[in-house]
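Okay, so here's the structure we're looking at.
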Amino acid sequence: MPTTLETGRDSAYVGISVRIRGEIQGKEDLFLDGEIEGDIRLPGQRLVVGPNARIHGQIQAREVLVQGKVQGNIRAQSRLEIQRTGWVEGELKISRIAIEDGAYFKGSVEIAAEESATDSASAAQAAAAPSGSAMPSSAAGGAAQPLPQTPPIQRSWLKS
Amino acid sequence: MELLNKVRSAWSFYGKSSTRGEAIVPGIPRHSNGLKELTRAWVEASEKEQRLRVLDLGPTSRANIVYITGLGHSLFNEDLLRAIPTPLLQTLNLEEQAEFEAEKFFNDNLKLEPASFDAALLWDLPDYLPEPMVRPLVARLELLLKPGGGILTYLHTRDAGPNAPFLHYHIQNHDTLELRVGPRIPLKRIYNNRHVEQLFHNYRSFKFFLGRDGLREVLVIR
């Protein structure tokens, strides 16, 4: 279990062997190192996604620190940090961001003004909304979108 | 060539970089006229409180995110090279590269709303991609960019040589990048101006900026 020093303060803890399917809500900080399929809503609180964590769902919290894997939108009222081992795929709506070299991120970033915890109900709904950036199905497939024909490139291979 | 030599020496010294991250080496500042031209439009839009969308196809860069979002624009980051199987990135063999299934790749990657981006940062990706991927990528970008949207790319010239290091590009300010040496990936090809025009032949205009470091900056307008 992470110490107070590691998590920054006393936090609830979900361990590596725990697998949850469903929504997590709370009013205390959380250190999560298990596998979660569902949304996490911790308005006004701090969430640490531990190095072994796998989250598939939307996240909403005051501050989010990612060391593991998150697939879903993140809304952090205050700050998001993706550390070197972090892997995030989704839309980020945050007020501040820190990303370490080596971290993986695929998705959009939008900087929003810092929110108070009382704004969190609407924020939670927004975070849970389906992504707007996905290509419409009619346009998504490479096969459905014939690529324009272009003349072949005259390649200039390098000589050592 | 001075900059390129610096990069080369940094690479040889710190060449133990992992295939995943960057070598721990101080970044090298580089002036960029192409970036200056592109960011001029971003700043103007910001002053008019217009919100632009920028597509960054390089490795995740905190500096790029901070710079672009600092202007009030939003950014979509997708590290394309990371989605390509390593053996296909490493090989110079054309037959092996031909195994790359571009259509399948673009069914899974860069699936974004058409005409939703004002600019795309392509960096030097065209020089490192498997051959079958280059044209589909250019076509996909044409689909994703709004008319008038710009692509900024940095293509190696013959001066770069076959061992030119793969670089990560971090925006420092409106006309300066910080270059950092990335994982070791062989340069697959070089383009001259004519090749670039052929590659982007559906686009409206090109602007070339030839650097002294073996990199040719190209700003392509859709």
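The values are calculated or read from the model by the stated rules, or taken from the named source; none is laboratory data. Owing to the predicted nature of the structure, the values given are computational and were not obtained by experimental measurement. Glycine gets a Cβ as well: all are built from the backbone with ideal geometry, and neighbour counts include every protein chain shown.
Details
- B:Ile171, sole failed condition from (1) at pLDDT below 95; (2) in contact with a Leu (Cβ under 7 Å, 6 or more places away or on another chain): (1)
- Yes/no for B:Arg184 being charged (D, E, K, R), within 26 Å of B:Thr60 (Cβ to Cβ) and outside any loop (DSSP other than H, G, I, E, B): no
- Looking across region B:69-104 at every residue that is under 21 Å from B:Leu144 (Cα atoms) and in a helix (DSSP H, G or I), the one that is farthest from the other protein chains (Cβ to nearest Cβ) is identified as B:Leu81.
- Of the listed requirements (1) modelled with pLDDT of 90 or more; (2) within 14 Å of another protein chain (Cβ to nearest Cβ), A:Ile55 misses just one: (2).
- First in region B:205-222 and within 15 Å of B:Asp175 (Cα to Cα), second anywhere and outside any strand (DSSP E or B) and acidic (Asp, Glu), Cβ under 8 Å, 6 or more apart: B:Leu219/B:Glu37
- Cβ-Cβ contacts under 6 Å between residues 6 or more apart (or on different chains), taken from a first residue in region A:88-106 that is closer than 18 Å to A:Ala53 by Cα to a second residue that is of a type in the set (A, V, I, L, M, F, W, C) and surrounded by fewer than 21 Cβ atoms within 10 Å (Cβ to Cβ), are listed as A:Tyr104/A:Trp87.
- Answer residue from region B:72-112, given it is of a type in the set (S, T, N, Q) and over 24 Å from B:Leu167 (Cβ atoms) and is surrounded by the fewest Cβ atoms within 10 Å (Cβ to Cβ) among those: B:Asn107
- Residues in region B:20-58 that are modelled with pLDDT of 90 or more, within 14 Å of chain A (Cβ to nearest Cβ) and under 17 Å from the mean Cα position of the chain (by Cα): B:Arg53, B:Val54, B:Leu55, B:Asp56, B:Leu57, B:Gly58.
- Residue, surrounded by the most Cβ atoms within 10 Å (Cβ to Cβ), within region A:9-53, restricted to residues that are farther than 22 Å from A:Ala103 by Cα and touching a Phe, Trp or Tyr at 6+ places or on another chain (Cβ under 6 Å): A:Ser11
- Note on region B:150-177: among residues that are of a type in the set (D, E, K, R) and in contact with a helix residue (DSSP H, G or I) (Cβ under 8 Å, 6 or more places away or on another chain), the one that is farthest from the other protein chains (Cβ to nearest Cβ) is B:Asp175.
- Unique match (being surrounded by 19 or more Cβ atoms within 10 Å (Cβ to Cβ), closer than 22 Å to B:Thr69 by Cα and under 12 Å from the mean Cα position of the chain (by Cα)) among B:Leu141, B:Leu121, B:Leu129: B:Leu121
- Condition broken by B:Arg189, with the remaining ones in (1) under 15 Å from the mean Cα position of the chain (by Cα); (2) more than 9 Å from every other protein chain (Cβ to nearest Cβ); (3) charged (D, E, K, R) satisfied: (2)
- Scope region A:86-101; condition facing chain B (nearest Cβ under 8 Å) and either assigned to a strand (DSSP E or B) or crowded, with 21+ Cβ neighbours inside 10 Å (or both); matching residues: A:Ile97, A:Ala98, A:Ile99
- Filtered residue count, region A:87-141, keeping only those that are within 30 Å of B:Pro136 (Cβ to Cβ) and either of a type outside the set (A, V, I, L, M, F, W, C) or modelled with pLDDT of 90 or more (or both): 23
- For the residues B:Gly150, B:Gly182, the requirement of being of a type in the set (Gly, Ala, Ser), surrounded by 22 or more Cβ atoms within 10 Å (Cβ to Cβ) and at pLDDT 90 or above singles out B:Gly150.
- Restricting region A:102-112 to residues that are among the hydrophobic types (A, V, I, L, M, F, W, C) and assigned to a loop (DSSP other than H, G, I, E, B), the residue that is surrounded by the fewest Cβ atoms within 10 Å (Cβ to Cβ): A:Ala112
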